[in-house]
Amino acid sequence: MANVTDLQTKYSKLAQDILFFMYSQLRAQNQVLKKAVVDEQANSASLKEQLKQRDQSLRKQEQEMDSLSFRNQQLAKRVELLQEELAVSEAKGKKGKSKGDSPSQHGLQTQSVFDEDLQKKIEENERLHIQFYEADEQHRRQEAELKARLEELEKDAEQHQTAVDLLTTKYVETIERLQSDKARLEVKSQTLEREAKECRMRTEECQQQLRRCQSELNRQVKQSSSVIQEKVPFNDTKFSDYNSLNVPSHNRRHQLKARDVAGQALSFIQDLVAALLNFHSYTEQRVHIYPLDSSIEPISPLNQKFSQYLHENAAYVRPLEDSFLQLYQSITEDTLPTVTQKLCTTTECLLGSLGSLTSSTGKIATFFSNNLDFFTSSGYNPRGCTVALNPLQAESMLANKKKAAIYINAIKKARPQSVPYREALSNRRILTSSTESREGLTQQVQQSQEKIARLEQEKEHWLLEAQLGKVRLEKENQRIADLEAQLAAALGGSPNSQTAAASTLAQSQEEGVLLFFSCSSHTKPESREQLIKTHYMARVGELTTQLQISDSKAVHFHSECRALAKRLTIAEKSRETLSDDVKMANQNITRLQDELATTKRSYEDQLSMMSDHLCSMNETLSKQREEIDTLKLGSKGNAKKNKGR
């Protein structure tokens with residue numbers, strides 16, 4: 001049996017070490033994989049963000065190219081129109097050569113203006129062509145860079161996928177190895193169960209032998225008890241009053257049974273204390289490991305308090321075992337072979353004191369019996385009454401007197417001091433003033449909040465007015481610039497035309513100033529509404545772009561969180577299954593150990609009981625034999641005396 005228990009403990013320790021080592025390896029690999037996945041996700045997010053930015057810049061460049069091409073087409077059309085106008089003006093100039101010098105000079109001036117305008121348009125067209133070519137080259141270069149970057153990212157993704165595949169295969173191998181270990185442990189548990197069944201069969205055989213021994217011993221006890229009843233003189237129990245004063249007889253079998261019961265209770269209490277301490281220690285270890293490892297992260301205060309209570313519980317459980325062990329030792333100390341002479345003398349003194357106690361109790365009994373009449377006679381009666389008072393009535397009267405005295409003492413007690421009237425009035429005045437001040441402060445806070453909201457509205461209104469004024473100012477500046485350009489173009493003409501142009505420019509400036517100052521008070525509702533509409537449309541466009549970006553980020557984060565949650569649930573399920581398997585194996589091991597311990601303890605108890613019964617029976621048989629021998633010798637002596645007579 002000891003070898004079986006040693007093997008079981010070795011197997012259990014080996015299985016626990018293997019499982020703990022594998023679990024620690026898997027946990028470390030899981031942490032590394034989580035870190036790698038998080039890094040890859042961060043890299044992919046940054047690359048996606050860069051790709052989005054490049055895409056946006058590409059779109060902007062395409063829009064610029066479209067606008068430039070449209071502008072180029074407009075300029076080409078403008079050049080064609082100018083060429084047609086130039087041809088028409090040249091034809092008109094040829095026809096009107098016969099006229100005076102002033103119109104010819106005017107035609108030459110207009111032609112020079114058209115030539116300058118045409119030259120400017122041609123230069124602008126060349127510049128736009130150059131910008132278009134540069135933008136196209138930049139677009140192609142960025143497109144090539146983005147394609148190369150995309151190929152690199154695809155290669156990185158393939159490498160990461162291969163790494164993930166390798167890790168999955170590795171995890172599958174570890175899971176298969178754990179399953180094989182589980183199957184091997186199940187086979188070992190089955191072998192242990194078979195051994196336990198064999199032990200149960202052996203225990204049944206031993207119990208049958210024990211029953212046979214008990215039947216034999218019971219037969220011998222009956223025989224010896226019949227001999228004792230026939231040969232030993234009995235006590236006279238005719239008068240129950242006198243028999244109650246005798247020393248009561250004690251059953252030795254009951255005492256032995258009580259001793260055996262105390263021994264069994266001691267063993268059970270020891271097992272209970274050991275199991276409870278083991279449970280508390282393992283629970284404390286689990287609290288320090290799960291859900292947070294105390295070696296890596298600090299545990300919560302609640303778990304710390306719980307582990308402290310578990311650790312301190314041994315101080316309350318150990319004294320129970322020690323006290324019960326002392327009780328059992330005190331019960332069985334007189335049967336020990338190492339008992340001292342001092343203990344024997346004290347037991348003899350104890351017996352002597354019991355004898356003196358019985359004699360003194362006998363004297364007290366005679367004293368009470370002699371003075372019984374005096375004790376039963378009533379020594380009190382109410383005034384004016386010759387009839388004796390019932391003791392129950394006297395007791396109730398004394399109880400009422402006590403209640404009355406208690407009531408009088410309660411009335412005499414001084415009342416507690418109350419608050420003076422003036423102090424109460426001052427306290428009430430302070431309370432009302434504080435409540436009024438609090439209400440006033442709340443009203444002031446509400447008024448200030450309303451004022452802040454009104455000022456915010458006015459701020460928005462004046463910001464909008466400032467925006468509108470800025471737009472009007474830009475329009476007026478544009479109009480003034482156009483007028484200045486017209487003036488500069490008209491400066492090449494006659495003095496009359498110059499003075500007319502100057503007068504028209506001054507008049508237009510005055511009108512523009514007047515219009516600018518009058519627009520603030522008399523603006524057209526249609527233009528105002530159009531400006532407000534454009535402002536809010538631009539604002540709405542900005543907000544929609546921000547919303548789309550935030551939505552895309554949220555979708556990306558949501559998908560990543562879902563993937564991580566799935567992986568976490570899979571890992572938790574695998575961990576739970578492994579922990580359940582470990583718990584089942586530990587439970588089987590502990591169950592088998594408990595069964596072996598109980599069978600061993602029951603065997604030991606049965607053997608001890610059998611040995612005690614045999615010893616007691618041997619003692620009784622030896623006493624009976626001695627008595628029979630003395631009776632035989634006495635009968636032989638009497639027979640010889642009778643013969644001698």
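The values are calculated or read from the model by the stated rules, or taken from the named source; none is laboratory data. Small disclaimer: the values here were computed from a predicted structure and weren't measured. Using ideal geometry, Cβ is built from the backbone for each residue, glycine included, and neighbour counts are taken over all protein chains shown.
Worth a mention:
- Residue 540 satisfies every condition listed in (1) surrounded by 12 or more Cβ atoms within 10 Å (Cβ to Cβ); (2) in the same structural domain as residue 52 (by TED's automatic domain parsing); (3) among the β-branched types (Val, Ile, Thr) except (1).
- Only a single criterion out of (1) farther than 30 Å from residue 255 by Cα; (2) at pLDDT below 80; (3) assigned to a helix (DSSP H, G or I) is not satisfied by residue 382, namely (3).
- In the stretch 443-472, the residues that are in contact (Cβ under 8 Å) with a residue 60 or more places away in the chain and over 16 Å from residue 532 (Cα atoms): none
- Residue within the stretch 239-248 that is modelled with pLDDT of 75 or more and of a type in the set (Asp, Glu) present: no
- Single residue of the stretch 595-645 satisfying the filter (small (Gly, Ala, Ser) and farther than 30 Å from residue 272 by Cα) that is surrounded by the most Cβ atoms within 10 Å (Cβ to Cβ): 616
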